[in-house]
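Enquirer: Just passing along the structure, written as structure tokens.
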Amino acid sequence: MHGRLNTLLPPALLDNPVQAAVELPRALITRANFIPGVRHRLGWRGVRDCAKGKGGLTAKVTGMTGVFGLYLLNAMDQGGAGLATMGIVYFPDPEEELVESFSIEAGIAAQAPDYLDRVREFTLYDDLRSLFTVAVVEIHFSPEGPGVSLALTAPERDTVTALDGVTVTTQNGPVQAVAPGGTDQDLPALDTALPFFESLAASASYCMGHGPQSLSRSSRPGMRRVYGGDAGMKSEPAPDGRDVRFGLGWNMAVPDNPDMSVPDLAWNAPDPLPAEFDGAPWLTGDIPGAANSLDKRTMGITEKPRLILLTGFLGSGKTTFLARFIEEQAGRNGFVAVVQNEIGQKGLDGKLLGQHYAVTEVDEGCVCCTLAGSLRAALTGILSEFQPDFVVLETTGLANPANLLSEIADLDDMLEFASVTTVLDAACGLRALTDHEVARSQVRLADILLLNKTDLADGDALGELETRIRDLNPTADIHRTTHGNVPSTALYGVNFRKRLNRPAPFLPPMGGHHATHEDDSIQSALIDFESPLDRQSFRDGVAGLPDDVLRAKGVVRFTDAAAPEVFQYVPGHHDLTPAEDAGDCFVVIIGRNAERIAGAFRSAVGA
Amino acid sequence: MSDNMNRRDFLKGAATGVGVGLLGAMGLYSYSPARKQHFTQAERKMTDIGMCRSVKVTNISETSWFDNGTLMGDIKGAGGLLVNQYDYNWPPFGNGKGLGKGSYDEGIAQIKHLLPNKLDEAWEIIHANSVNPDNAGGYAALVEVEEMSGNKRKFLLDVGWSYKWCDECFKREGIDKMLENKEIEALFFSHEHFDHFWGLPVALKYDPEITIYIPEGFYPEGLQYIKDCGHKGKLITVKTGLNPVIPGMASYVFAIPIICRVYGEQSLYFNVAEKGLVSVTGCCHQGIIRFAETAYTEIKYENDKCYGIYGGLHISPFDDWDPKYDDLVISLGDYGFERIGCNHCTGVLCAKKFITAGYPVVEGTARFRSKDKAYLGNGDTITFG
């Protein structure tokens, strides 16, 4: 115990109990947040120091969309032990339902455009603290032991009555938002504060290496606030309400609070912990696997990284999109590994992204022709070192992704193929598509098409380009972007489970007759499925697809499963993953002689 | 409110339509006792620390370690970021028992008799007993302050980590001679971390009597190490807060928990005549915004202007970029620094983002194993004023 606290705070601070109590929450949270695996397990989703003003911190916690804040109220010596009292604020997300439980004034503050900016430095703003404080936490530090206890006090419901009502002036005139004598606020304060307190307590257990050895819960009759009329603001008994104080102690009992006269629960180790706390996040300091490492495998996460093949003609904005994608994933605790190959500007982009973002460059010339073997070698290194969630294979702008698909299929033991994402320059794209077969191939094979730099193209040109794209690829999702800026969930769905786009009905399936496709005779053909398929027949049909098929994909429904599945095929490999939602079932076949192959496939699967 | 309109939609309308503050009835906050119970807003203390003419920083070494992967591997393997740094079995405290099984006492016992003068001999022992000894580098800088009279005064900020590497760097920059000649009047430790502190015998070899300033929060091993290295001069523990040193120069100790069981960081502030505030940091674990804000609230400086910053800014030390760091990049712009020299734990990616953001980053030469010109690297200098 002493050793653990000693790791949290230096001797000079431990000798000063009051200062130790003040510093403890920040030390607990900071220490717990050093290690991503631990941070995640303990429930933290981000912590930020409020650098301005009198200090404090904001944090996001699992399961709550808003932002918590913690700020110091006061600190004192209690018979040689230190006591710090801090306010817990909860700033709901403006769209969160809980906003409606706060007062009208709080709600208006939450909808203001500068709300989140103010939240970041909430200790500068009296009104935010006053309107959004939900609970108080006491931190006790006893040099005897030494011991630590944390106690949360909050009303079960924090209600505020507006005697005069609340009238809000709007553009349409005054609106009575709360009737006279009505309830301005009715907030489940205890439940709102609890997730933060539990993460704090879990961090204490983690930092001290063991769970709490004492627990207490007590209550007192609650009060409500009433304002307006001649009264100003006053507190009065709330007949149905209770204030609850919930405390946990490590190497010390939670000190009593004489105001809390109704004992509810007292537990001390080694008595069995009441069953209602089964599964509480603060039960133990032991975080198996996650404690020492960033290694996901030790946390039991074994799923394969998802592969995005990123293509796009020279200068289309692939790297910009990639940089944004990486940062977005990092914000979600996702880790992206990048394998790059660039002709002419070898290594440059890798450095721009930072070498330690697991960027491996395959410097073997053009990625599409000399990749064999080197890609596996590069990936083996990168996967063993970093355990990424995503691997992005960024091809040179001159690469034809068609040549890569079979290579990728050979990597299915290491990766789950997710998407061919093609970036196209909205201003120069049409010319590239006219002049370069590679550019056309990139578009044809795309699952996701980012029409980038749309700010540089006029509306007519964009329309013309989209028509041309649709001509080449009737199925890809097209997203108009500037600076590659589009949320990855819009592209790939939650957990990369977005349903494939159904080809637009007014576009005929492509055939070899189309003049612009004759140069390499790659076509696509669409097969609709009216009824569910037999899984084995489908597998047989897939196994029988000839070498001419470069790519096939679609949504299929099987007789043995209720939910539709996304079908992805590249030569030598296919997989079926759950589709995010239901819809039409179809398969698109891309390659030479697509129509003929589609006909044979349709017969083979019995559609 | 009509029943079919939820409060959020209504509130949004109220907020965007007319702004806040047009409540017909006095609102909750207006009545709240908190209204009167104002937090003391951070009042500017404007402590006068005097003035100097210029500050020149010579980067002796910013490469604290040479390979992130090796360092992180060691940290992971030893039990994580909370492990006491003296237990990793890194140089100079190798006891031959392997990663995570080190001990200050066992390590120092093997070399104590050789400190501070027989460092080559000590390094041989260390090299044989420590984990990844060749990955150790160090962070150290020479700070030269020109007083208003034209008189120049020299200080060291940190002394690096590896005895071998630091001795090479000290010699390369002529620090050895300056110490021998007693030209350097004091050594400031930014914090107790291995890469800033453990190279201490290299400095003491040349001047065992140098005055040392450490921030409050050093652990017993660190305090003992200063003795065991053969320090014979004054040791000053600087309390949390502002500590004027000479006219125009102050240090500031931030109480802040840091990885590998370290606590507290000391940074340097300078008030440069006609220019403004210059900040020099070791790692800036307190965060650049807190660092700048503290200057703003604590110190009076020329033109009320943040002029320059040098050092490790601790934004993405392992280049593990996180979107929150973009906030920091943007926020730094608020302070209007005119000269930025960054390295070490700033993260190359961050330095490049500063450059992309158009900040006046003074680039280096990427010599002596510094990785990138975006860094003011080993052997590079920067002058403020």
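The values are calculated or read from the model by the stated rules, or taken from the named source; none is laboratory data. Here the structure is a predicted model, which is why all the values come from computation and not from measurement. All Cβ positions, even for glycine, are placed from backbone atoms using ideal geometry, and neighbour counts span all protein chains on display. Surface areas here come from the heavy atoms of the whole protein model, side chains and all, with no ligands, DNA or RNA. Shrake-Rupley method; radii C 1.70, N 1.55, O 1.52, S 1.80 Å.
Enquirer: Long-range amide H contacts for A:G182: which residues qualify at under 5 Å (H placed 1.01 Å from N, peptide plane, sequence gap of 5 or more or a different chain)?
Expert: Those qualifying (amide H under 5 Å, at least 5 residues apart or on another chain) are A:A162, A:G165.
Enquirer: May I pose another question? Given a Förster radius of 56 Å and the C-beta distance between A:E437 and A:D560 as r, what FRET efficiency does 1/(1 + (r/R0)^6) yield to the nearest 0.05?
Expert: On the way: r = 42 Å, r/R0 = 0.75.
It comes out at approximately 0.85.
Enquirer: For a Förster distance of 35 Å, can you work out the FRET efficiency between the beta-carbons of A:D117 and A:D264, rounded to the nearest 0.05? Before the final figure, lay out each step's value.
Expert: Details: r = 41 Å, r/R0 = 1.16.
About 0.30, to the nearest 0.05.
Enquirer: Checking the table A:K453/A:K553; B:K171/B:K373; B:K101/B:K205; B:K182/B:K205; B:K56/B:K182; B:K205/B:K227 against a 20 Å threshold on Cα-Cα, which pairs fail?
Expert: Table pairs above 20 Å Cα-Cα are A:K453/A:K553; B:K171/B:K373; B:K101/B:K205.
Enquirer: Is any residue of segment B:143-170 close enough, with backbone N under 11 Å, to a label point placed 7 angstrom from the Cα of B:F66 along the Cα-Cβ axis, and if so, which?
Expert: Counting only backbone N, you get B:165.
Enquirer: How large is the helix-only mean residue ellipticity at 222 nm for chain B, computed as the sum of -39500 (n - 2.57) over DSSP H runs with n ≥ 4, divided by its residue count, in deg cm²/dmol to the nearest 500?
Expert: -8500 deg cm²/dmol
Enquirer: How much of the accessible area of segment A:404-497, probe 1.4 Å, is carbon plus sulfur, in whole percent?
Expert: After summing per-atom areas, the C and S share lands at 47 percent.
Enquirer: Return the long-range amide H neighbours of B:I256 (sequence gap of 5 or more, or a different chain), with a cut-off of under 5 Å between placed amide H atoms.
Expert: Close amide H contacts, sequence-distant or interchain: B:G264, B:E265.
Enquirer: Another question, if that's okay. Which order do the peptides B:200-212, B:108-120, B:269-281 come out in when sorted by mean C-beta neighbours inside 10 angstrom, highest first? Please report the intermediate quantities before stating the final value.
Expert: Details: B:200-212: 22.4, B:108-120: 17.1, B:269-281: 24.4.
The most tightly packed comes first, giving B:269-281, B:200-212, B:108-120.
Enquirer: Let me ask something additional. Let me check I have the definition right: for chain B, take the eigenvalues of the Cα gyration tensor, multiply each by 5, take square roots. What are those semi-axes in whole Å, largest first?
Expert: Values: eigenvalues 344, 133, 81 Å².
Semi-axes (√(5λ), whole Å): 41, 26, 20.
Enquirer: For segment B:334-348, take each phi angle, set θ = phi - 60°, evaluate the Karplus expression 6.51 cos²θ - 1.76 cosθ + 1.60, and give the result in whole Hz per residue in order, putting x for glycine and proline.
Expert: These are the phi-based 3J(HN,Hα) values: 5, 8, x, 4, 9, 9, 10, x, 10, 6, 6, 7, 5, x, 4 Hz.
Enquirer: Let me ask another. Over segment B:221-323, consider all pairs of different Cα atoms and compute the Kirkwood hydrodynamic radius from their mean reciprocal separation; express it in Å, one decimal. Kindly include the intermediate steps, with their values, before the conclusion.
Expert: On the way: mean 1/r = 0.0660 Å⁻¹.
For segment B:221-323, inverting the mean 1/r across all distinct Cα pairs yields 15.1 Å.
Enquirer: Another question, if that's okay. For peptide B:77-90, what's the mean number of Cβ atoms from other chains within 10 Å of each residue's Cβ?
Expert: Numbers: counts 2, 1, 3, 9, 8, 13, 2, 3, 0, 0, 0, 0, 0, 0.
Average neighbour count from other chains, rounded to a whole number: 3.
Enquirer: So between A:D278 and A:Q171, what do we pick up on full extension, going 0.36 nm a residue minus the alpha carbon distance? Walk me through the numbers on the way to the answer.
Expert: Numbers: separation 107, 0.36 × 107 = 38.52 nm, distance 5.19 nm.
Additional length available on full extension: 33.3 nm.
Enquirer: May I pose another question? Which residues does the label zone of B:K177 cover in segment B:42-72, counting backbone N under 14 Å from a point 7 Å along Cα→Cβ?
Expert: none
Enquirer: What distance in nm lies between label points placed 7 Å from Cα along the C-beta direction at A:D230 and B:M46?
Expert: 4.7 nm
Enquirer: Return the value, in Å² to the nearest 100, of accessible area buried between chains B and A (probe 1.4 Å, both sides summed). Each step should come with its number before you reach the end.
Expert: Values: alone 17020 and 26500 Å², together 37260 Å².
Heavy-atom accessible area buried at this interface is about 6300 Å².
Enquirer: Please compute the average number of Cβ atoms from other chains found within 10 Å of each residue's Cβ in peptide B:67-75. Before the final figure, lay out the partial values.
Expert: Numbers: counts 0, 2, 3, 0, 0, 3, 2, 0, 5.
Counting Cβ atoms of other protein chains within 10 Å of each residue's Cβ and averaging gives 2.
Enquirer: Hey, what do the phi angles of segment B:242-248 turn into as Karplus ³J(HN,Hα) couplings, whole Hz, using 6.51/-1.76/1.60 and θ = phi - 60°, x for Gly and Pro?
Expert: Taking θ as phi minus 60°, the curve returns 8, 9, x, 10, 9, x, x Hz for segment B:242-248.
Enquirer: How far is the Cα center of segment B:204-234 from the Cα center of segment A:99-122, in Å?
Expert: Each part reduced to its Cα centre gives a spacing of 51 Å.
Enquirer: Something else about it: Rounded, prolate or oblate: which fits segment B:35-153 when a ≥ b ≥ c are the square roots of the eigenvalues of the alpha-carbon gyration tensor, with rounded for a/c under 1.5 and prolate only if a/b beats b/c?
Expert: On the way: a/c = 2.75, a/b = 1.56, b/c = 1.77.
Oblate is the answer for segment B:35-153, as a/c is 1.5 or above yet b/c matches or exceeds a/b.
Enquirer: Here is a further query. Which distance in nm do the two modelled labels at B:K118 and B:E209 give, with both placed 7 Å along the Cα-to-Cβ direction?
Expert: Each label point is offset 7 Å from its Cα along the Cβ direction, giving 2.5 nm.
Enquirer: Just to be sure I understand the model, the point goes 7 Å from the Cα along the line to the Cβ. What's the resulting A:D455 to B:I236 distance in nm?
Expert: About 5.2 nm separates the two model spin labels.
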